[in-house]
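Peer 1: Below is a structure I'd like to ask you about.
Derivation of every value follows stated rules applied to the coordinates shown; laboratory data play no part. Everything quoted here is computed from the prediction, not taken from an experiment. Note: ideal-geometry Cβ built from the backbone for every residue, glycine included; neighbour counts use all protein chains shown.
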Amino acid sequence: MPPGFAPAGDCMKTAVVVDWNTINEGRPAWNVCRNRIIER
C-alpha cells in the first residue's frame, strides 16, 4: 500500500452516511440564498 493511504477497513470506521433525500429537500432554498449572495 502506498504511504499515506490507509486500508479501506480503517477508512470505513469513520465514514459518514449521507442522507441525500434530506439534502435534496433543502437544495432549492439553498440555491435561492446562494444566488442572492452571488448577485450582490
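Peer 1: Could you tell me which residue of the range 9-31 is farthest from the chain's Cα centre (by Cα), considering only residues that are of a type in the set (A, V, I, L, M, F, W, C) and surrounded by 10 or more Cβ atoms within 10 Å (Cβ to Cβ)?
Peer 2: C11
Peer 1: Any residue that is assigned to a helix (DSSP H, G or I) and small (G, A, S) - is there at least one of those in the range 20-28?
Peer 2: For the range 20-28, residues assigned to a helix (DSSP H, G or I) and small (G, A, S): present.
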